[in-house]
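Just so you know, all these numbers are worked out from the coordinates, no wet-lab data involved. Computed from a predicted structure; not experimentally measured. FYI the Cβ positions are ideal-geometry reconstructions off the backbone, even for glycines, and counts take in every protein chain you see.
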Amino acid sequence: MLNIQKTNENGTLTVALEGRLDTASSPKLETELNNALPGVQDLVFDLEKLEYISSAGLRVLLLAQKAMNRQGSMKLVRVNDIVREVLEVTGFTEILTIE
């Protein structure tokens, strides 16, 4: 199960994820992002409470990065050790901005 909390302030969309971003939940996140991204200049993913990310979840992050390359910037913040390890093993630390 994935809980998605969105906050949009002055062109910055912050998306806090809690739970599991996997094959079952990634379509929900992708749909929510597609609806929320128009007009967004900066996209921030808060991953402090994300317990698990699968390849399907990584795909959604990659799609979001591609969209934001055209209209602004994207970064991941408060990435916990479990998710950071997955990002490092898959090489996503080289592709995404992580603070």
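Of the residues making up the range 15-45, those that are over 9 Å from the mean Cα position of the chain (by Cα) and assigned to a strand (DSSP E or B) are 18, 19, 20, 21, 42.
Only one entry in 16, 67 is out of contact with any Ser or Thr (no Cβ under 9 Å at 6 or more places or on another chain) and surrounded by 16 or more Cβ atoms within 10 Å (Cβ to Cβ), namely 67. Reported count of residues in the range 46-99, each being assigned to a loop (DSSP other than H, G, I, E, B) and of a type in the set (S, T, N, Q), is 3.
Condition check ((1) of a type in the set (Val, Ile, Thr); (2) in contact with a strand residue (DSSP E or B) (Cβ under 6 Å, 6 or more places away or on another chain)) across all residues:
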| position | (1), (2) |
| --- | --- |
| 22 | no, no |
| 26 | no, no |
| 31 | yes, no |
| 38 | no, no |
| 43 | no, yes |
| 52 | no, yes |
| 65 | no, yes |
| 84 | no, no |
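Against the numbered list (1) surrounded by 15 or more Cβ atoms within 10 Å (Cβ to Cβ); (2) over 13 Å from the mean Cα position of the chain (by Cα); (3) not polar (S, T, N, Q), residue 61 comes up short only at (2).
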